[in-house]
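Colleague: Dumping the structure here so I can ask a few things about it.
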Amino acid sequence: MPVGPLSAAETAKLLWSLPHVDRHADTGARADRVWRVVGGHPRSLEYLDALLGQGHGRFDDITDRLTRAVTTRLGPDAATTWLAQRRTLDAALAHTVTLAADDVLLGDHLRHLATIPGATDMLIAISVYREPVSAVAPGLDAGLLDALVGSSLVHHDAERELVFMHRWTAIELHRCLGPDVDPLLLAHRAAAEYWQQRDGDLHALTEARHHLLAAGDLDAAATVTRTISRRLERTGAWDQAAVLIHDTLRWLPGEAAYFGDYIHQLGTLAHRLGDYAEAEQRYRQALAIFEQRGEQSNRASTYLVLGMLAHDRGGYSEAEQRYRQALVIFEQLDNRANLASTHHQLGALAKERGDYDEAERQYLRSLAIEEELGNEAGAAVTDHELGNLALRRGDYAEAERRNRQSMAIFERVGDLDGLGAGHQLAGMVAHHQHDYAEAEHRYEQARAIRERIGDQRGLAGTHHQLGLLAQDRGDHAEAERCYRRSLAIEERLGNQAGIATNLSQLGTLCAATDRTGEAAGFHLRAVLIRATIDTTQASVDLERLAEVRAAIGAESLARIGAQVLGHDGYLAVAKLVDAHEAEAA
């Protein structure tokens, strides 16, 4: 009576007694891989050990049996050389698969199962799964299970009611099928159905995608991929999402419905990861596709993200132009969800320009639509920004309330990007109320999340906040280190507004430490940038430069200005300083 393969736990115990395998399968993950690939057949495991030992098994009979098997395949001369090779675990596993197929008499088992109605079909159905599945999965018949287990080709975990075929068995079975791929295609479609009926987690969707691709159903695979990539993006797994999309674009036809959407999403991911040049290239590529296809909603969505990109670079006028372009189309289409997003971005822009009343109006429009649509995650993002706005107005209780509401939702939906922003806002509220310990704790939580997900723009903001905290604590050296870290990221991103913010703060820090000349240089550079990006924040630097000029004299400031900005650049800034002083008088 045939003996079935060992379970994973039984296999792990046997591996400890196989010296060569034990040395290579030195982690739980590697031991599990041995079980999944080679299976729990003791002789297969003995062969694996002997191959890793350059042909020498634990027992003489194993060495002799292996030598005969290889000699039968390769001949005596080639067999000696082949067995003496040094092998990695991967190579040994691959070679063991081939040898084991002969040893367990796969062909004989298949001929026997062919005499049992439905047994071969069920064997094929099990063979396409990459991991144990329910014994009642599509295409499986519990009445045939004993026959398959008895053949030793299928493993049955009776306690958990799972069935599994080791990969070497599946590979050899598929080879035996020859050119007849129809049974495999049907099995992959059934397997895709099985995984799509699961609870919809990322793992189940990933397995469904694998089987849909194997079945040649590219449209369905693209649809599942879209769901996976969006979930990965929402949970901060931006690198994983990009890898998945690049893989998808290798096989997705250019005329496919989702092709432009994937290009657009690659732009969004690059944008999130701080690669603004790549983001712009992808957005413009997607825009060309959408314009060619006449896809108005997608075209407007691309205007919106191009506006966000310009916004992040400090190009506020271009950002507003793009937002307005998107708004017109979304209003024509009555696209409520994207109207909410556009009003949100117009609110963010007004906030950066210092127009808090307009910012609030736009945010509340966005929030009303999100609540109307029942979009809890979108409402949480806007709620967070209303909290940020309340902080700027000095209403700490409202800022904390809004932030607490939004973070509860971010936590529930797994939005790491939102959680990072929430911790930073909580730190800023604590900071403004002089609770420096709580502020530092929250900033560090924000930094950890942003480093984990690769949020470069957010990370620059966190370093800046840590610099402000260190400066308020009197640790000027640490403050300068933090500002310079933030500045380096903003310069890499090309974020002009962020660059100016850090330059201005470095100027303030230098002035506080009696480094007047350096302070002037930083404020001069900040003013020149801020004068071009439509922001009210330049007044801070103009005030500081007026103070420096009064302290060191106009000639000294002019000399520093010419060194930092060039003669013409300094003259332009000097006129702004004069105008500021005249207005103040």
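The values are calculated or read from the model by the stated rules, or taken from the named source; none is laboratory data. Quantities reported herein were computed from a predicted structural model and do not represent experimental measurements. Here the Cβ is made from the backbone with ideal geometry for all residues, glycine too, and neighbour counts use every protein chain on show. Protein only, heavy atoms only, side chains kept; ligands, DNA and RNA dropped before computing areas. Shrake-Rupley method; radii C 1.70, N 1.55, O 1.52, S 1.80 Å.
Colleague: Quick one: grab the alpha carbon gyration tensor of segment 309-404, order the square roots of its eigenvalues as a ≥ b ≥ c, and give me rounded if a/c is under 1.5, else prolate or oblate depending on whether a/b is larger than b/c.
Modeller: Oblate, because a/c is 1.5 or more while a/b does not exceed b/c.
Colleague: Can you tally the net charge around residue 431? Count Lys and Arg as +1, Asp and Glu as -1, for every other residue whose Cβ sits under 10 Å from the Cβ of residue 431. Could the numbers behind the result be given before it?
Modeller: On the way: positive: 442; negative: 435, 438, 440, 472.
Spelling it out: positives minus negatives among the neighbours equals -3.
Colleague: Averaging over every viewing direction, what projected area does the convex hull of the Cα atoms of segment 104-253 cover, in nm²? Intermediate results must be reported in sequence, preceding the final value.
Modeller: Numbers: hull surface 39.6 nm².
So the mean shadow area of the Cα hull is 9.9 nm².
Colleague: Let me ask you something else. How many angstrom lie between the C-alpha centres of segment 377-444 and segment 249-300?
Modeller: 32
Colleague: Considering the options 329, 281, 304, tell which one lies farthest towards the positive end of the dipole of segment 239-375, charges being +1 on Lys and Arg and -1 on Asp and Glu at the Cβ, about the Cα centre.
Modeller: So the residue we want is 281.
Colleague: Around residue 142, with a cut-off of 15 angstrom between Cβ atoms, what is the net charge of the other residues, counting Lys and Arg +1 and Asp and Glu -1? Don't skip to the answer; put the middle values down first.
Modeller: Working: positive: 160; negative: 121, 141, 146, 157, 161.
With Lys, Arg at +1 and Asp, Glu at -1, the net is -4.
Colleague: Rounded to two decimal places and with Rh computed the Kirkwood way over Cα pairs, what is Rg over Rh for segment 157-229?
Modeller: My calculation puts Rg/Rh at 1.02.
Colleague: Can you check what the net charge comes to around residue 543, using other residues whose Cβ is under 12 Å from the Cβ of residue 543 (Lys, Arg +1; Asp, Glu -1)?
Modeller: Every neighbour counted, the sum reads -2.
Colleague: Provide the per-residue ³J(HN,Hα) series for segment 563-573, in order, calculated from phi with Karplus coefficients 6.51, -1.76, 1.60 and θ = phi - 60°, each as a whole number of Hz, with x at glycine and proline positions.
Modeller: Using θ = phi - 60°, the values come out as 5, 7, 10, x, 4, 5, x, 5, 4, 5, 5 Hz.
Colleague: Starting from 0.36 nm per residue, how many nanometres of slack lie between residue 278 and residue 161 once their C-alpha separation is accounted for? Before the final figure, lay out each step's value.
Modeller: Numbers: separation 117, 0.36 × 117 = 42.12 nm, distance 4.87 nm.
Between residue 278 and residue 161, full extension yields an extra 37.3 nm.
Colleague: Calculate the tail of P(r) for segment 344-400: the fraction of all Cα-Cα distances greater than 17 Å, expressed in %.
Modeller: Roughly 33 percent, once rounded to a whole number.
Colleague: Tell me the Rg and the Dmax, in Å, that the Cα atoms of segment 176-275 produce.
Modeller: 14.8, 50
Colleague: Taking only protein heavy atoms and a 1.4 Å probe, what accessible area per residue, in Å², does segment 260-321 have with all protein chains in place?
Modeller: 36
Colleague: Right, here's the next one. Can you list the equivalent-ellipsoid semi-axes of segment 450-585, largest first and in whole Å, using the square root of 5 times each Cα gyration tensor eigenvalue?
Modeller: Numbers: eigenvalues 142, 55, 31 Å².
That gives 27, 17, 12 Å for the three semi-axes.
Colleague: Continuing with this model, one more query. Could you order 169, 206 by accessible surface area, starting with the largest, using a probe radius of 1.4 Å?
Modeller: The residues order as 206, 169, largest area first.
Colleague: If only Cα atoms are counted, what is the Rg of segment 330-471, and what is its Dmax, in Å?
Modeller: Rg and Dmax of segment 330-471, Cα atoms, are 15.1, 50 Å.
Colleague: A follow-up question, please. Just for the Cα atoms in segment 217-259, what are the lengths along the principal axes, largest first, rounded to whole Å?
Modeller: Computed over segment 217-259, the largest-to-smallest principal extents equal 29, 16, 14 Å.
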